[in-house]
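The values are calculated or read from the model by the stated rules, or taken from the named source; none is laboratory data. No experiment lies behind these values; they were computed from the predicted model shown. Cβ sites come from the backbone with ideal geometry, for glycine too, and all protein chains shown count toward neighbours. For the accessible areas, the whole protein counts, side chains as well, though only heavy atoms, and no ligand, DNA or RNA atoms are used. Shrake-Rupley method; radii C 1.70, N 1.55, O 1.52, S 1.80 Å.
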Amino acid sequence: MRALACTGAEITLAVRDITAGERTAEDVAESSGNGALRVAPLDLANLDSVAAFVASWDGPLHVLVNNAGVMACPEERTAAGWELQFATNHLGHFALAVGLHSALAADGSARIVSVSSSGHRFRR
């Protein structure tokens, strides 16, 4: 994110914890000189939260970086009954990308980047 901010990109930090997101945005703005950072609530494990984020989006979207994820957490279920890791890492990202399709298409050459980890190397 810091590298994108250094290019002058407008960035929306979609976060579960607004306070932590604002601290991060301030840090990135200070180190990059880019004040075009916005913080918005998003909980990928909650499809209502995803729908609210999508509904609040305005304008084209040039790049969607799917970077949130949970891993190796105790088995837990979302309010909808989905296993938390599956809901966050797969269903939430899919719903977000589909919901933002029009904004991505409006750009004409937008990209979706899905970030992964090397966590698959650690077996239980």
Notebook entry, point to check: How far is it, in nm, from the label point at S117 to the one at D17 when both lie 7 Å from their Cα along the line to the Cβ?
Noted result: 1.5
Note to self: For segment 1-38 and segment 49-88, what is the centre-to-centre distance using only Cα atoms, to the nearest Å?
What the structure shows: 19
Note to self: Assuming 0.36 nm per residue, please report the length gained on full extension of the stretch D27 to D48 beyond their Cα-Cα distance.
What the structure shows: 4.6 nm
Checklist line | Mean separation of Cα contacts under 8 Å (6+ apart) over length of segment 20-115, as relative contact order % | finding: 34
Next item on the list: For E83 and A55, calculate 0.36 nm times their separation in residues minus their Cα-Cα distance, and state this gained length in nm to one decimal.
Entry: 7.6 nm
Notebook entry, point to check: Per-residue HN-Hα couplings for segment 22-35, Karplus 6.51 cos²θ - 1.76 cosθ + 1.60 at θ = phi - 60°, whole Hz, x for Gly and Pro?
Noted result: 5, 4, 5, 4, 4, 4, 5, 4, 5, 7, 9, x, 9, x
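With a probe of 1.4 Å, find how much accessible area the chain has per residue, and write the answer as a whole number in Å².
Details: 8250 Å² over 124 residues.
Spelled out: the 1.4 Å probe surface of the chain, per residue, equals 66 Å².
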Next item on the list: Which order do the peptides 90-100, 61-71 take when ranked by the mean count of other beta-carbon atoms within 10 Å per residue, highest first?
Entry: 90-100, 61-71
Next item on the list: For segment 15-124, with all protein chains present and a 1.4 Å probe, just round the carbon and sulfur fraction of the accessible area to a whole percent.
Entry: 53
Next item on the list: Give the long-range amide H neighbours of V70: residues separated by 5 or more places, or on another chain, with amide H under 5 Å away, using H modelled in the peptide plane at 1.01 Å from N.
Entry: N89
Next item on the list: Consider the candidate values (i) 47, 14, 9; (ii) 35, 18, 15; (iii) 25, 18, 15; state which one is semi-axes √(5λ) of the Cα gyration tensor in Å computed from the structure displayed.
Entry: (iii)
